[in-house]
Amino acid sequence: MEGAVILKAIGLLGFGFLFVWFGFTGWIHRREERISLVEAALLKMSDEAPLPHNRWDRAMAYVQPILCLIFGPIMIFLGLILLFV
């Protein structure tokens, strides 16, 4: 098997497991108020409070883990197919 195919298979497996991990942790913590690291740094410099989450933010807290849990196993499956076939 060529090295490029093996590298792509390992990449798919790695990102697949990462997506599954993000999906589980995102689903567990979906009701918590979160801000990004960049937003936290900017708010710390300006001594401001974060804005409240709107409807879009709350909807994405549910959609993103579901998408990760859908695409993660698909990527793992494709990585295993590339690696062993």
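Structure values in brief
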read-out: Residue that is farthest from the chain's Cα centre (by Cα), among those in the stretch 26-85 that are in a helix (DSSP H, G or I) and among the hydroxyl-bearing types (Ser, Thr, Tyr); value: SER46
read-out: Cβ pairs under 6 Å, 6+ apart, first in the stretch 15-26 and more than 14 Å from VAL63 (Cα to Cα), second among the β-branched types (Val, Ile, Thr) and in a helix (DSSP H, G or I); value: GLY16/ILE76
read-out: Any hit, the stretch 31-42, residues being touching a residue at least 40 places away in the same chain (Cβ under 8 Å), surrounded by 10 or more Cβ atoms within 10 Å (Cβ to Cβ) and not hydrophobic (A, V, I, L, M, F, W, C); value: no
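Every read-out reported here was derived from the displayed coordinates using simple, explicitly stated rules and does not represent laboratory data. Source: prediction; values computed, not measured. All Cβ positions, even for glycine, are placed from backbone atoms using ideal geometry, and neighbour counts span all protein chains on display.
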